[in-house]
Amino acid sequence: MLARIMARIMTYSGIDLHTHTTASDGALKPDELLKLAIQNGTQMLAITDHDTITGYLAARNTVQHKALAIGLISGVEISTTWQGMGLHIVGLHFDPEHPAITRLLASQARARRLRCQMILDKLAKINMLITFEELQAGAGHGHIGRPHIAQIMIAKGYVANMSQAFKKYLGAGKIGDVKSGWVSLAETVTAINDSGGIAVIAHPNHYKMTRSKLLHMIDEFIALGGRGIEVISGKQHAEITMKFAHIASDKGLLASVGSDFHRYLPYAPSVGQLPHLPELSTLIWTLFNT
Ligand code: AMP
Ligand code: MN
Ligand code: MN
Ligand code: MN
């Protein structure tokens, strides 16, 4: 199936290599995301939930059983730390049953639960009382993250909306911004490579870094075995796309594209609806059928 789709794709069209489902903090179940992706004309899709592949595995079953006409790539978005900062690394096209990746994900699941409890303890100190059980109920069977904590804050009237929750309590530098426990950038890139995948720097424009620090991070990522970068991530200005297309080409990185779709929003791209990559880019999906 993938090879046939590859043959049809001469240039970029309908490819989305960064999306979320209810297995992490997305609003759509894996099957609902698939349906929307196909409706939108997506030919190649990666489901890249935060630190879990359960959404991908469910979607893979559906694609196989219903013989859906979509190329589904294995994917995950790993929360890592590098020099004390949080960095998100997308893993693509790995063997989802390989112990290198399953071990890493098991350790991330533990880290996520511990971090979550630490955030709740910190919030309790400022009299914002949220229990682990409340969160679990809100997250269903998915991995718990800060957006779930934010949802309870809204439900309990502590904040008016999601962006206020991050601005006041959960965002970078705020009381609920606990990074401890995440795997290192090095371990992440190694696990992705060992399981046959490609490591990609997610949404490079989101990090609050100087250009020289960003280039330093990219060099280290490459030295560790990282091979890709999201030249297009969600809605961004054309200048940002050109900036990262040039960085990717200068550094010999493969260019990836992803909507980072979590839920329908009027001002953000839907699944698979992304602009073309600049001509100078080396398209990451040219590696997927080898
Ligand atoms: P976590 O995985 O627990 O670290 O939570 C990070 C997730 O929170 C990101 O993947 C986004 O989906 C979401 N997020 C981060 N910052 C904001 C923000 N300012 N407003 C709304 N959602 C955010
Ligand atoms: Mn998210
Ligand atoms: Mn991210
Ligand atoms: Mn994401």
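For segment 206-235, residues that are within 16 Å of ligand 1 (Cβ to nearest atom), more than 18 Å from residue 83 (Cβ to Cβ) and within 14 Å of the chain's Cα centre (by Cα) total 3. Pairing each residue of segment 61-73 that is over 18 Å from residue 289 (Cβ atoms) with any residue that is assigned to a loop (DSSP other than H, G, I, E, B), provided the two are 6+ apart or on different chains, yields C-beta distances under 8 Å for 62/68. Residues that are closer than 13 Å to residue 14 by Cβ, modelled with pLDDT of 95 or more and hydroxyl-bearing (Ser, Thr, Tyr) within segment 245-290 comprise just one, 259.
Tallying residues that are away from ligand 4 (no atom under 16 Å from the Cβ) and either in contact with a strand residue (DSSP E or B) (Cβ under 7 Å, 6 or more places away or on another chain) or on the phi > 0 side of the Ramachandran plot (or both) within segment 135-172 yields 2.
Within segment 52-106, being within 16 Å of ligand 3 (Cβ to nearest atom) and either modelled with pLDDT under 95 or over 18 Å from residue 30 (Cβ atoms) (or both) holds for 78, 79, 80, 81, 82, 85, 86, 87, 88, 89.
Taking segment 152-177 as the range and being more than 16 Å from ligand 3 (Cβ to nearest atom) and surrounded by 18 or more Cβ atoms within 10 Å (Cβ to Cβ) as the test, the residues that pass are 152, 153, 158, 159, 165, 169, 176. Residues of segment 116-152 that are within 18 Å of residue 26 (Cα to Cα), away from ligand 2 (no atom under 15 Å from the Cβ) and modelled with pLDDT of 95 or more: 152 alone. Scan segment 173-205 for residues that are within 16 Å of ligand 4 (Cβ to nearest atom) and without any contact (Cβ under 8 Å) to a residue 40 or more places away in the chain and jot them down. The one that is within 16 Å of ligand 4 (Cβ to nearest atom) and without any contact (Cβ under 8 Å) to a residue 40 or more places away in the chain: 205.
Elements of the type strands (runs of 3 or more DSSP E) sitting completely within segment 70-158 and holding at least 3 residues that are away from ligand 1 (no atom under 16 Å from the Cβ): these cover 71-73.
The values are calculated or read from the model by the stated rules, or taken from the named source; none is laboratory data. What you see is a predicted model, and the numbers here were worked out from it, not measured in a lab. Ideal geometry is used to build each Cβ from the backbone, glycine not excepted, and the neighbour counts take in all protein chains shown.
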